[in-house]
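Enquirer: One structure, pasted below without further comment.
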Amino acid sequence: MIEVENLTKYYGDLAAIRDLNFRVERGEILGFLGPNGAGKTTTMRILSGYMPPSAGTARVADFDVFDDSLEVRRRIGYMPETVPLYPEMSVRSYLAFMARIRGVTNRKGQVDAAMEACHITDKADTIIGKLSKGYRQRVGLAQALVHDPEVLILDEPTIGLDPKQIIEVRELIKELGHERTIILSTHILSEAQQTCDRVLIINEGEIVAEGTSQQLTDRLTRGTLLHVQVAQPGPEVIAALSRVPGVTGVEPEDGGSYGVTCAQGQDCRTAIAATVVNGGWGLLELRAIEMSLEDIFLKLTAEDTATPVLDEQTEQTVEGR
Amino acid sequence: MRNTLAIAGRELHAYFVSPIAYVVTAAFLLLSGYLFAAILLISREATLRYLFGNLTTILLFVAPLLTMRLLAEEQRSGTIELLLTSPVQDWEVVLGKWLASLGLFAGILLLTGYYPLILWRYGNPDWGPVLTGYGGLLLLGGTLLALGTLTSALTRNQIVAAVLGVGLTVLAWLIDALSQFAGPPVSGVLTYLSLSSHFFDFLRGIVDTKDVLYYLSVIVAALFLATRVLETRRWR
Ligand SMILES: Nc1ncnc2c1ncn2[C@@H]1O[C@H](COP(=O)(O)OP(=O)(O)O)[C@@H](O)[C@H]1O
Ligand SMILES: [Mg+2]
């Protein structure tokens, strides 16, 4: 449905994205995961026909986003990061206007359907400027849906929402994903994992990893880091923890805490709990530490490029001895 | 055209809920009403010629105030991103915006319609110059609004758009002021370029196709440039 080849965009001298290559199949929800400034918005703006790429091509439904821009725009619904709305209009008249400039003939029906899908029917006659942030976000989504597009491009659709609204919007996106191809961007790992079929991780304008949510989760949970806190710390605790099957490392921290690394695919939490309790050291806390996006990048880049370099160095030191 | 009208319709609606449109309309009507009364009392002639002549000066300032938000506000709020990612051509956006301002201006002119009615009630006005005068004002107004639309495309700040707009309209109106000091070819060009040199025939009841074509060309050129400005904004 979407094919991107060597997509590059320069702002002046700054390359916001460099040689992006990816595909999105029909009916797939693709997550675009990356920190601020990674180039997510830039990519989405190119796909939506807002601005042309500096180099490379992007095709949506077999139409080039630059050469057949109008055809592409007819087929996509786009929600920009800022969720631009006309504050003086009512929800209904705003959606009717967006439907009109996208050539919808059955406007009343489509506007009603979009409001229903986004659960904003009760706010149909409210002036947009008076809506809460959560409702505005949904009006933005409804706007992207009103012409029943094949492709939805959603730029950080849950940013600035409270946790309850975030869950609602994620559910909504999953519902919408049953019939449509969706690309959504986010800087929250768990959001990409929960909402998307496949995730593409982008950093500083380049794709650093790609895979299904499951693959990504497996890859990242390789060597889970656990946080263990005991009441009576001591060297014997470290020794005992290191002997637990599956544990690959124990790092003492302040206040009787230990950072414990487990080998990939092993959950050593039960064994660790048992060891601490049996030793009589008093288990205060035991939890898995969630990786931040920064950790992920460190990890992914370490896997892809740094590892061989490290190996070489180790070999050299070994030879040198 | 369907898209153009949709955009124009939305913009007209936005005018009616914005204080700017009401303030500008009220100020224009107040000033023109005052001038109408003053000129009538002094000249005691059943003509709108002097009034229309004076209104041009006010228009130079009013037009940019009506157009300042057209494209600047869309760029500031980001709604331009929605328009430019909808299956709408850039020129349709620009044309729709300008048409909305022209519609509002035509409405304002209509509200001055009671001046000729007063003249007709108490005197015997020559209807020819009144009608061509209104036609000339509409053409001139449309041209000034097109220049204002252009400056509104240049910036995301409404105030900057208005200031640039006034600068441009006043310059285009007065550009022939120095023509008597310039040599023959330059002076001719300056006079031809000036908005004012094409206006006053309308007030005498004369409609010269050359003048009409001149205003229409300036409108087309300004709207074309505004479209190009919008296009180049995509490339940033
Ligand atoms: N209009 C612009 N002009 C200049 N630089 C820009 C512009 N938009 C984005 N950038 C830069 O391009 C990079 C990528 O930005 P963006 O695509 O917005 O990233 P993201 O959406 O992932 O946060 C950033 O370094 C940002 O500062
Ligand atoms: Mg962004």
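Enquirer: Dipole of the stretch A:27-114 (Lys/Arg Cβ +1, Asp/Glu Cβ -1, origin at the Cα centre): which of A:99, A:56, A:32 lies farthest to the positive side?
Expert: A:99
Enquirer: Turning to a different aspect of this structure: Sort A:187, A:147 by accessible area with a 1.4 Å probe, largest first.
Expert: Correct descending sequence by accessible area is A:187, A:147.
Enquirer: Where Rh is the Kirkwood radius over the Cα pairs of the stretch A:221-290, the temperature 37 °C and the viscosity 0.692 mPa s, what D in µm²/s does Stokes-Einstein return?
Expert: 283
Enquirer: Need one value for B:5-12: mean number of C-beta atoms belonging to other chains within 10 Å of its residues' C-beta atoms.
Expert: Counting Cβ atoms of other protein chains within 10 Å of each residue's Cβ and averaging gives 3.
Enquirer: Give the cross-link partners of residue B:210 among the lysines, using a straight C-alpha distance below 18 Å as the criterion and excluding same-chain residues fewer than 8 apart.
Expert: Correct list for residue B:210: empty, as no lysines qualify.
Enquirer: May I have the convex hull volume per residue, in Å³, for the Cα set of the stretch A:164-269?
Expert: Spread over its residues, the Cα hull of the stretch A:164-269 gives 153 Å³ apiece.
Enquirer: Okay, moving on. Determine, from the Cβ-Cβ distance of residue A:273 and residue A:119 and an R0 of 60 Å, the FRET efficiency 1/(1 + (r/R0)^6), rounded to the nearest 0.05.
Expert: 0.90
Enquirer: Same structure, new question: Could you sort A:13, A:162, B:201 by their accessible area in this structure, using a 1.4 Å probe and putting the largest first? Please list the in-between numbers first.
Expert: Values: A:13 150, A:162 70, B:201 45 Å².
Final ranking, largest accessible area leading: A:13, A:162, B:201.
Enquirer: How much accessible area does residue A:119 have with a 1.4 Å probe, in Å² rounded to the nearest 10?
Expert: 100
Enquirer: Check residue A:209: other-chain or 5+ apart residues with amide H under 5 Å from its amide H, H built from backbone geometry?
Expert: Residues meeting the amide H criterion: A:201.
Enquirer: While we're looking at this one, here's another question. Could you tell me the calculated FRET efficiency between residue B:127 and residue A:25, based on Cβ-Cβ distance and R0 = 60 angstrom, to the nearest 0.05?
Expert: For R0 = 60 Å, the calculated efficiency reads 0.25.
Enquirer: Which residue fluctuates most in the GNM of chain A (Cα springs below 10 Å): A:143, A:165, A:266?
Expert: A:266
Enquirer: Using 0.36 nm times the number of residues separating residue A:126 and residue A:71, minus their current alpha carbon distance, what extension gain do you get?
Expert: On the way: separation 55, 0.36 × 55 = 19.80 nm, distance 3.27 nm.
This chain segment gains 16.5 nm when fully extended.
Enquirer: Can you give the relative contact order of chain A as a percent, counting alpha carbon pairs under 8 Å and 6+ residues apart?
Expert: About 18 percent, as a whole number.
Enquirer: Mind checking the mean number of beta-carbon atoms from other chains within 10 Å of the Cβ atoms in A:46-58?
Expert: Going residue by residue through A:46-58 and averaging, the value is 2.
Enquirer: Return the single residue from A:167, A:46, A:207 with maximal mean-square fluctuation; model: Gaussian network over chain A, springs between Cα atoms under 10 Å.
Expert: A:167
Enquirer: Follow-up question, since we're still on this one. With a 1.4 Å probe, what is the total accessible area buried between chains B and A, in Å² rounded to the nearest 100? Let's see the in-between values first.
Expert: Numbers: alone 12110 and 16080 Å², together 25650 Å².
Interface between B and A: roughly 2500 Å².
Enquirer: Can you find, among A:277, A:259, A:227, the residue farthest towards the positive end of the dipole of the stretch A:221-290? Put +1 on the C-beta of Lys and Arg, -1 on that of Asp and Glu.
Expert: The listed residue farthest towards the positive side: A:277.
Enquirer: Additional query: Cross-link list A:164/B:97; A:9/B:97; A:9/A:123; A:174/B:97: which exceed 32 angstrom alpha carbon to alpha carbon?
Expert: A:164/B:97; A:9/A:123; A:174/B:97
Enquirer: Could you give the length gained on full extension between residue A:197 and residue A:57, defined as 0.36 nm per residue of separation minus the Cα-Cα distance, in nm?
Expert: Details: separation 140, 0.36 × 140 = 50.40 nm, distance 2.39 nm.
Full extension of this stretch gives 48.0 nm more.
Enquirer: While we're looking at this one, here's another question. Find which of B:197, B:37, B:125 sits farthest along the positive direction of the dipole of chain B, computed with +1 on the beta-carbon of Lys and Arg, -1 on that of Asp and Glu, about the Cα centre.
Expert: B:37
Enquirer: Quick one: putting +1 on the C-beta of Lys and Arg, -1 on the C-beta of Asp and Glu, what dipole do you get for the protein assembly as shown around its Cα centre, in Debye to the nearest 20?
Expert: Numbers: 47 positive and 60 negative charges, 532 e Å.
That gives the protein assembly as shown a dipole magnitude of about 2560 debye.
Enquirer: What are the principal axis extents of the Cα atoms in chain A, in Å, biggest first?
Expert: Reported extents, whole Å, longest axis first: 75, 49, 32.
Enquirer: Something else about it: Quote the charge dipole size of the stretch A:74-125 about the Cα centre in Debye, to the nearest 20; the model charges only the Cβ of Lys and Arg (+1) and of Asp and Glu (-1).
Expert: In debye, rounded to 20, the stretch A:74-125 gives about 360.
Enquirer: Across the stretch A:15-31, in residue order, what do the Karplus-derived ³J(HN,Hα) couplings come to in whole Hz, using 6.51 cos²θ - 1.76 cosθ + 1.60 with θ = phi - 60° and x for Gly and Pro?
Expert: Per residue, the Karplus-derived 3J(HN,Hα) values read 7, 6, 9, 9, 6, 6, 9, 6, 10, 10, 7, 4, x, 8, 9, 9, x Hz.
Enquirer: Mind giving me the nanometre distance, one decimal, between the label points for residue B:228 and residue B:43, set 7 Å out from Cα along Cα→Cβ?
Expert: 4.0
The values are calculated or read from the model by the stated rules, or taken from the named source; none is laboratory data. Just so it is clear, the structure is predicted and the values come from calculations on it, not from any experiment. Neighbour counts are summed over all protein chains in view; Cβ atoms, including those assigned to glycine, are modelled from backbone coordinates with ideal geometry. Protein only, heavy atoms only, side chains kept; ligands, DNA and RNA dropped before computing areas. Shrake-Rupley method; radii C 1.70, N 1.55, O 1.52, S 1.80 Å.
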